[in-house]
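Data block below; observations after.
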Amino acid sequence: MPPAAESRLLVAMATYNERDNLTALVHDILKVMPAADVLVIDDNSPDGTGRLADELAAGDLRVHVVHRTGKLGLGTAILAAMRYAMDHHFDLLVNMDADFSHHPRYLPALVTGMKDHDLMIGSRYVLGGGTINWPMSRRLMSWGINTLVRLLMRLPARDTSGGYRCYSVAMLRRTDLGNLLSRGYSFQEEVLYRCRRAGCKIGETPIIFEDRRAGSSKVNQREVIRSLGIIVWLGINATFGDG
């Protein structure tokens, strides 16, 4: 991989009803990383997020848009971003949330860390990281999931569920991204597990996870339960199978 400072960087985000956040977020990303390209993957947002993304793309050649037919799952959106990065010959791919819970100010640290790693995680659970305004129940659930994943999948990361990540595209090319079980929240753990199996060197840099600035949360309780089941299955396979 070329030095991070010379790499072609793609910053991708999946959107569904994020019109109130999108313009400011794209502006802040390009202000911090002016040499980057931005990819918006919109799942046919009823609030017009996709149309706004098209307007932003028309005004700036660094902005690109992929339109999908509906809500197809966070995991499939991230996978689409990975394929876009590979097809368009980017060197680095950052995935982040579109609601400012992942702040653009951490982008330089993520990219700098790629000088020595194949994958960098914006981590809530290393020194200097944290969360703002999370109830104790959410903190305990997140801690429990991350502890379970680290133990079962033997992953060398504190924040295995965090979605703010920078990937080496060359590493993604040698990672088995076919036949993924996950379509929702557990995608983060499963793709991290598969990257690790491909020999990925993982690093973490601290972030403060903030609540969304505008709009409503997309948390789906049914998907949470399904994702927990997939995590347990993957963990059992990693521990007792061929992982």
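Count, please, the residues in the range 83-128 that happen to be farther than 19 Å from residue 24 by Cβ and part of a helix (DSSP H, G or I).
Looking only at that region, the number is 10.
Would you please name the residue that is surrounded by the fewest Cβ atoms within 10 Å (Cβ to Cβ), looking only at residues in the range 82-108 that are under 23 Å from residue 124 (Cα atoms) and aromatic (Phe, Trp, Tyr)?
Only one residue fits best here, namely 100.
Being more than 16 Å from residue 9 (Cα to Cα) and not β-branched (Val, Ile, Thr) is the filter; apply it to the range 117-128 and report the residue that is most open to solvent (accessible area, probe 1.4 Å).
If we filter the range 117-128 for residues that are more than 16 Å from residue 9 (Cα to Cα), which is where we start, we get 122-128.
Adding the requirement that they be not β-branched (Val, Ile, Thr) leaves 122-125, 127-128.
Values: 122: 2, 123: 0, 124: 26, 125: 69, 127: 171, 128: 56 Å².
It comes out as 127.
Please work out if residue 224 is open to solvent by less than 40 Å² (accessible area, probe 1.4 Å), modelled with pLDDT under 90 and in a helix (DSSP H, G or I). Before you say what the answer is, go through the steps one by one.
Details: open to solvent by less than 40 Å² (accessible area, probe 1.4 Å): yes; modelled with pLDDT under 90: yes; in a helix (DSSP H, G or I): yes.
Here the answer is yes, as residue 224 does meet what is asked.
Before we move on, is residue 79 within 23 Å of residue 195 (Cα to Cα) and open to solvent by 30 Å² or more (accessible area, probe 1.4 Å)? Show your work before the answer.
Working: within 23 Å of residue 195 (Cα to Cα): yes; open to solvent by 30 Å² or more (accessible area, probe 1.4 Å): no.
No; evaluated as a whole, the condition is false for this residue.
Could you check the range 129-155 and list, in sequence order, the residues that are aliphatic (A, V, I, L, M) and in a helix (DSSP H, G or I)? Reasoning before the result, please.
Kept after step one, since they are aliphatic (A, V, I, L, M), are these residues of the range 129-155: 132, 136, 140-141, 145, 148-149, 151-153, 155.
Across the range 129-155, the qualifying residues are 136, 140, 141, 145, 148, 149, 151, 152, 153.
Of everything in the range 37-53, what is open to solvent by less than 70 Å² (accessible area, probe 1.4 Å) and either over 24 Å from residue 169 (Cα atoms) or touching a Ser or Thr at 6+ places or on another chain (Cβ under 8 Å) (or both)? Give them in sequence order. Before the answer, list the steps.
Step one: list which residues in the range 37-53 are open to solvent by less than 70 Å² (accessible area, probe 1.4 Å), which gives 37-43, 45, 47-50, 52-53.
Result: 40, 41, 42, 43, 45, 47, 48, 49, 50, 52, 53.
With the structure loaded, tell me whether residue 172 is in contact with a strand residue (DSSP E or B) (Cβ under 8 Å, 6 or more places away or on another chain) and at pLDDT 95 or above or whether it fails that test.
On the way: in contact with a strand residue (DSSP E or B) (Cβ under 8 Å, 6 or more places away or on another chain): yes; at pLDDT 95 or above: yes.
Against the criterion (in contact with a strand residue (DSSP E or B) (Cβ under 8 Å, 6 or more places away or on another chain) and at pLDDT 95 or above), residue 172 qualifies.
Being more than 20 Å from residue 110 (Cβ to Cβ) and open to solvent by 30 Å² or more (accessible area, probe 1.4 Å) is the filter here, so list the residues in the range 129-143 that pass it.
Scanning the range 129-143 gives 133, 135, 136, 137, 138, 139, 140, 141, 143.
So, residue 69, is that one among the β-branched types (Val, Ile, Thr), open to solvent by 10 Å² or more (accessible area, probe 1.4 Å) and assigned to a loop (DSSP other than H, G, I, E, B) or not? Show your work before the answer.
On the way: among the β-branched types (Val, Ile, Thr): yes; open to solvent by 10 Å² or more (accessible area, probe 1.4 Å): yes; assigned to a loop (DSSP other than H, G, I, E, B): yes.
Criteria met by residue 69.
The values are calculated or read from the model by the stated rules, or taken from the named source; none is laboratory data. Keep in mind that what you see is a predicted model, and the values were worked out from it rather than measured. When we count neighbours, we look across all protein chains shown, and the Cβ atoms used for this are built from the backbone with ideal geometry, even at glycine. All accessible areas refer to the heavy atoms of the entire protein, side chains included, with ligands and DNA or RNA removed. Shrake-Rupley method; radii C 1.70, N 1.55, O 1.52, S 1.80 Å.
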